[in-house]
1. Using a 1.4 Å probe over the heavy atoms of the protein chains, calculate the carbon and sulfur portion of the accessible area of the range 77-232 as a whole percent.
2. Return the distance in nm (one decimal) between the two label points of a simple spin-label model at residue 146 and residue 76, each offset 7 Å from Cα along Cα→Cβ.
3. Please sort 217-223, 169-175 by packing, taking for each peptide the average over its residues of neighbouring beta carbons within 10 angstrom, highest first.
4. Which order do 225, 154 take when ranked by solvent-accessible area (1.4 Å probe, heavy atoms of all protein chains), largest first?
5. Heavy atoms of the protein only, probe of 1.4 Å, neighbouring chains included. What is the accessible area of residue 73 in Å², nearest 10?
6. Full extension from residue 86 to residue 153: what is 0.36 nm times the residue separation minus their Cα-Cα distance, to one decimal in nm?
7. Can you compute the modelled spin-label distance between residue 160 and residue 201, with each label point 7 Å from Cα toward Cβ, in nm?
8. What ranking of 196, 86 comes out by heavy-atom accessible area, probe 1.4 Å, highest first?
Amino acid sequence: MNIERLLQEALGSGQAPRQDRGQGGSALPGGLAGGAAAGGLVALLLGSKKARKLGGKALTYGGMAAVGGLAYKAWRDWQQNRPSGTEADPLHLPPPPADSGFDMAQERDSAGQDFRLAVLRAMILAAKSDGHIDPEEHGRIRDRIEALGLGAEEKAALFDSFAAPADPAEAARPARTDAQRAELYLASALAVDPDTPDERRYLDDLARHLALPEGLRGHLDLEAEAARRQVGA
């Protein structure tokens, strides 16, 4: 399976604007710093609510690199009892150390698969948690997937994720470590409108299934909100 291609099509591809590029002007790792929000399947799923759109932009601009960086920052703040969500550029935090467990490209889930697939699936399940996807929208998503020219494995992975019910237990199941639990929660928090009761309930259930360490969830929520503020400014 071509994981990089799958993630590019799901999160949006292309180069980010200047303010959304990494230090020294280089693009974020993996080609996932796409600025074309409309081109990503996750962005298509994220609907019309403003807060959800901002979360979708954060995912598109920062991609998996941003999720890992935000989750690691929240984790370190939680460990050291420091405030979270106060940095000026949350979508371009320094990459987590290679041995931290937060380098998703090097991590495997509980089934031995690329952990980035689990994070992508968690985003999609969370985005569906308010039940706003009607048959017409499902049809548009299916048509977009068919038009991407993906291989059979990549296409099947997307169809499976978009067809699955929004089940927080299923989203949590692949987590193997505390770092992975933090990343799955952070990615999900960016894919919902936290002020909507159904989606807040989904995040509550997800946090329970992930068994996040006490206090860590608050730090993760603050980092997700900081990412929304940055793209909404």
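1. Looking at the range 77-232 in its full context, I get 48 percent from C and S.
2. About 4.7 nm separates the two model spin labels.
3. Values: 217-223: 22.4, 169-175: 19.6.
Sorting 217-223, 169-175 by mean packing, highest first, produces 217-223, 169-175.
4. Values: 225 75, 154 15 Å².
The ranking, largest first, comes out as 225, 154.
5. The accessible area of residue 73 comes to roughly 50 Å².
6. 20.1 nm
7. 2.9
8. Order by accessible area, largest first: 86, 196.
The values are calculated or read from the model by the stated rules, or taken from the named source; none is laboratory data. Source: prediction; values computed, not measured. When we count neighbours, we look across all protein chains shown, and the Cβ atoms used for this are built from the backbone with ideal geometry, even at glycine. Only protein heavy atoms, including side chains, enter the accessible area calculation; ligands, DNA and RNA are left aside. Shrake-Rupley method; radii C 1.70, N 1.55, O 1.52, S 1.80 Å.
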